[in-house]
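The block underneath contains the structure these notes are about, expressed in structure tokens.
The values are calculated or read from the model by the stated rules, or taken from the named source; none is laboratory data. Bear in mind the structure is a predicted one, so any value in this text is a computation, not a measurement. Please note: Cβ atoms are built from the backbone with ideal geometry, for glycine as well, and neighbour counts cover all protein chains shown.
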């Protein structure tokens with residue numbers, strides 16, 4: 001049932017849908033956007049900032065327009081997924097993300113983040129340079145069950161394999177309570193290789209959960 | 001008059017609490033303990049405030065080591081002259 005699905009690279013007119021994808025992927029099976037709690041901003045503020053960062057066109061991190069593939073059906077977006085090569089230009093995605101957020105948020109938001117970063121780090125995994133990193137999958141409910149997730153994962157892998165033939169590992173980090181996404185990634189060929197569970201109760205406020213898994217897939 | 005490297009070294013030294021820090025052109029977040037995604041915004045703000053300049057996100061996205069940071073800082077200072 002995937003004959004009417006087109007998979008293509010994201011373009012600027014997809015930014016609103018990509019922002020929606022990042023928001024929905026962040027919410028997972030809860031209703032929390034970690035960026036909002038960590039930086040003390042509203043969902044609307046986050047959407048505005050995410051759109052501005054995507055519009056900057058910087059590659060190889062979570063808010064890179066060119067890291068996203070879009071699934072389209074009948075001219076409508078039917079899914080999105082992003083992936084990049086960690087450290088491709090000699091700069092980590094973490095540094096790029098913080099450079100972006102500091103450029104578009106207020107100083108107080110960065111100070112707020114710093115106060116909570118230690119808690120967030122309890123369940124964070126370092127992204128290893130030279131590996132492929134998947135982030136922010138979203139398929140609207142009306143398009144689920146049509147194999148779109150697998151198609152996006154495959155298209156992203158193929159795209160990066162052409163650019164970086166030596167890359168042989170892909171990773172994704174998921175909150176453990178997001179069982180729908182976790183099971184979907186098992187179907188896409190990922191396996192859990194590590195898990196971190198934090199003890200600070202504030203983790204439930206920041207992420208709607210306190211366990212994160214690291215999943216790996218050979219390319 | 002202090003060089004750009006000396007000014008950046010002073011900012012890093014103060015904010016990372018490393019009085020003996022001696023940055024070199026090839027230093028990067030990989031080689032300087034404490035220079036990470038958490039401290040990066042502060043370090044950049046420290047340089048901006050010290051020299052009364054402002055970096056855009058696009059400019060920051062090119063900083064992979066101290067040499068790049070010096071080059072970018074100098075280009076900002078030159079446009080002020």
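Checking residue B:48 against (1) more than 12 Å from chain A (Cβ to nearest Cβ); (2) surrounded by fewer than 16 Cβ atoms within 10 Å (Cβ to Cβ); (3) at pLDDT 95 or above: exactly one of these is not met. Which one?
Evaluating residue B:48 over (1) more than 12 Å from chain A (Cβ to nearest Cβ); (2) surrounded by fewer than 16 Cβ atoms within 10 Å (Cβ to Cβ); (3) at pLDDT 95 or above leaves (1) as the failure.
Of the residues B:56, B:37, which is facing another protein chain (nearest Cβ under 8 Å), surrounded by fewer than 16 Cβ atoms within 10 Å (Cβ to Cβ) and either within 20 Å of residue A:104 (Cα to Cα) or without any contact (Cβ under 8 Å) to a residue 60 or more places away in the chain (or both)?
B:56
Working only within the stretch A:91-107, note down all residues that are more than 15 Å from residue A:46 (Cα to Cα) and in contact (Cβ under 8 Å) with a residue 40 or more places away in the chain.
A:93 - this is the single residue of the stretch A:91-107 that is more than 15 Å from residue A:46 (Cα to Cα) and in contact (Cβ under 8 Å) with a residue 40 or more places away in the chain.
Looking at A:88, A:71 in this structure, which one is more than 14 Å from every other protein chain (Cβ to nearest Cβ) and either in contact (Cβ under 8 Å) with a residue 60 or more places away in the chain or within 24 Å of residue A:160 (Cα to Cα) (or both)?
A:71
How do the helices (runs of 4 or more DSSP H) wholly within the stretch A:124-219 filter down when requiring 3 or more residues that are surrounded by fewer than 21 Cβ atoms within 10 Å (Cβ to Cβ) and without any contact (Cβ under 8 Å) to a residue 24 or more places away in the chain: which remain?
A:148-163
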